[in-house]
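All of the numbers you see were taken from the coordinates with simple rules; none came from a lab. Since the model is a prediction, treat every value here as computed from it, not as a measurement. Here the Cβ positions follow ideal geometry from the backbone for every residue, glycine too, while neighbour counts run over all protein chains shown.
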Amino acid sequence: MAEQDNAARTRRKVRTGTVTSDKMDKTVTVSLVRRYAHPVYGKQVTRTKKVKARNLEGDAGAKAGDTVRLMETRPLAKMVRWRVTAVVERAK
């Protein structure tokens, strides 16, 4: 059973983004940026998506401007589907 849980955990999406807001209690808003080539013109297109992520460290956790690593998780609240796993870089 533990092997199945571990295999399921490795299939979860992992993204890196920038914290745009930390005003909520235990939750941060993270901006995820993805770049891809336009299918017809080949030009690089940038798309941004804002997601809510659970920040369990609270005051010691992620702050606005930090670069964080997120992992997909089960629904934790109405809008929260991600959790902060690590702070990659602190804001300057």
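If the reach is capped at under 18 angstrom between alpha carbons, list the lysines near residue 63, excluding any in the same chain fewer than eight residues apart.
Within reach: 23, 26, 50, 52, 92.
Return the percentage of antiparallel bridges among DSSP beta bridges fully within the chain, rounded to the nearest 5 %. Display every interim value, and only then the final one.
Working: 25 of 28 bridges.
The antiparallel fraction comes to roughly 90 percent.
Using the Cα centre of the chain as origin and beta-carbon charges of +1 (Lys, Arg) and -1 (Asp, Glu), tell me which of 16, 79, 46 is placed farthest towards the positive end of the dipole.
46
Once phi is turned into ³J(HN,Hα) by the Karplus curve 6.51 cos²θ - 1.76 cosθ + 1.60 with θ = phi - 60°, what whole-Hz value does each residue of region 36-42 show in order, with x for glycine and proline?
Whole-Hz 3J(HN,Hα) from phi for region 36-42: 8, 7, 4, x, 9, 8, x.
Pairs of Cα atoms under 8 Å, at least six residues apart: use those to get the relative contact order of region 13-89, whole percent.
Details: 172 pairs, mean separation 24.6, N = 77.
Relative contact order comes out at 32 percent.
What does a probe at residue 78 reach in region 10-43, counting residues whose amide N is under 20 Å from the point 7 Å along Cα→Cβ?
21-30
How would you rank 38-48, 54-64, 21-31, highest first, on the average number of other Cβ atoms within 10 Å across their residues? Before the final figure, lay out each step's value.
Numbers: 38-48: 8.5, 54-64: 14.3, 21-31: 16.1.
Per-residue mean Cβ counts within 10 Å order the peptides as 21-31, 54-64, 38-48.
Starting from the Cα of residue 23, step 7 Å along the direction of its Cβ; do the same at residue 64; then give the gap between the two resulting points in nm.
Between residue 23 and residue 64, the label points sit 0.8 nm apart.
Distance from a point 7 Å along Cα→Cβ of residue 31 to each backbone N in region 44-63: keep the residues under 14 Å and list them by number.
46-51, by backbone N distance to the label point.
What ranking do 67-73, 11-17, 86-92 get when scored by the average of other Cβ atoms within 10 Å per residue, highest first? Numbers along the way, then the final one.
Values: 67-73: 17.9, 11-17: 14.1, 86-92: 11.4.
By packing density, highest mean first, the sequence is 67-73, 11-17, 86-92.
Would you work out the charge dipole size for the chain about its Cα centre, treating the Cβ of every Lys and Arg as +1 and the Cβ of every Asp and Glu as -1, and quote it to the nearest 20 debye? Walk me through the intermediate numbers first.
Numbers: 23 positive and 9 negative charges, 98 e Å.
Roughly 480 debye, rounded to the nearest 20.
Under 5 Å between amide H atoms, partner at least 5 residues away or on a different chain: which partners does residue 88 have, H built in plane at 1.01 Å?
When sequence neighbours closer than 5 places are left aside, the close amide H contacts are 67, 68, 69.
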